[in-house]
1. Show the residues, 5+ positions off or on another chain, whose built amide H is closer than 5 Å to the amide H of Thr69.
2. Once you've got the GNM for the chain with C-alpha springs shorter than 10 Å, pick whichever of Leu174, Leu273, Leu34 has the biggest mean-square fluctuation.
3. How large is ³J(HN,Hα) for each residue in the range 170-176, as worked out from phi by the Karplus curve 6.51 cos²θ - 1.76 cosθ + 1.60 (θ = phi - 60°), to whole Hz, x for Gly and Pro?
4. Between Glu87 and Lys67, take the C-beta separation as r, use R0 = 22 Å, and let me know the FRET efficiency to the nearest 0.05.
5. Sort out for me the Cα centre separation of the range 196-274 from the range 1-71, rounded to whole Å.
6. Enumerate the amide H contacts of Tyr311 below 5 Å, restricted to partners 5 or more residues apart or on another chain; note that Pro and chain-start residues carry no placed amide H.
7. Whole number please: convex hull volume per residue of the Cα set in the range 96-203, in Å³?
8. What FRET efficiency do you get for Glu325 and Thr285 if R0 is 22 Å and r is their Cβ-Cβ distance, rounded to the nearest 0.05?
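FYI, it's all coordinate maths here, none of it is from the lab. Keep in mind it's a predicted model, so treat the numbers as computed, not measured. Quick reminder, even Gly has a Cβ in these numbers, built from the backbone with ideal geometry, and neighbours come from all protein chains shown.
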Amino acid sequence: MNSRKELLQVRELETTFFTDDGAIPAVDHISFSLKEGEILGIVGESGCGKSVTSLSIMGLVPSPPGKITSGEILLDGKDLTKLSQKEMRKIRGQEIAMIFQEPMTSLNPLFTIGNQLTEAILIHHKSWSKKKASARAVEMMKLVGLPRAEELLKEYPHQLSGGMRQRVMIAMALVCDPKILIADEPTTALDVTIQAQILQLMKDLNVRLNTAVMLITHDLGVVAETCERVIVMYNGQIVEEGPVELIFKNPEHPYTKGLIHSVPDMRFKKQRLFSISGNVPKPGTVKQGCRFAARCEYAFDRCQQENPNLYQTAEQHKTRCFLKEGKEASLDDRTAIESK
């Protein structure tokens, strides 16, 4: 993995929404990278900043009220935050593409599938004829496993099932051979069988086309099955990052431990399902201390006063927790925990 080129580098990204209640940092100084051919998972509860991160990368944060207020998003060394909307339109689809959560709201109900696929092609290949664009659309629909591809080009979104619409969205995202595919909870609205098919399709396309995938989800099962590396977000910050196998075997942040512990046991033990106590705080409401402190069973006095850094606890493993500062908790910290 280390020998692969870094396609995307996000450095100290902050995205803020300016509302009547003041400035709200939805994404608060996060940094990560995405390598070529890698599948990176970003996981966390609703409101943690996953989708805003993806919209920031795509240059699609609604403005007003949202704005990237600091940081860099480097694609092959080019800072996307410095580009105009006209320049970003050339990047979208061509170099970075995105699959949104609900395909029925992403596809235009007034145009056929063929119209929408060929439009995406002709925007980036202005010299292509409509016939050539249609042939490319059919090729991509077959690639994502859609039957009757030629016939489906003439149909409208409402005539397709949810799984078929999601495959159309994947075909549309990949039609111009982007280097990076961002999938924002692509299986949320689908039944379990179709979810498995879509995830397998994305893995197959990743292997065949070497497309780097950034998979945004709240489902740890999807992460375990699909991703190589995972980022755990909480209240706008990254709280843990590392290889999937390492995170699942040895989670270090209390929030990550809680997420993994809350996954239902399929052996149907007669015990109450575990849940993390409390609720996710609204972005911008925690002014001091660790943002997870109010829900953390290990929290001590320092957690209420200071916000921990993202500590390197092992090679490729980072954790935002004072108990992992310098890889080991200080004597005072351990004493505070043991006395609880």
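1. Those qualifying (amide H under 5 Å, at least 5 residues apart or on another chain) are Glu14, Thr15, Thr16.
2. Among Leu174, Leu273, Leu34, the largest mean-square fluctuation in the Gaussian network model of the chain belongs to Leu273.
3. 5, 4, 5, 5, 9, 5, 10
4. The computed FRET efficiency comes out at 0.80.
5. 18 Å
6. Residues meeting the criterion, in which the H sits 1.01 Å from N, are Thr319, Arg320, Cys321.
7. Numbers: hull volume 9.9 nm³, N = 108.
It comes to 92 Å³ per residue, whole-number rounded.
8. 0.30
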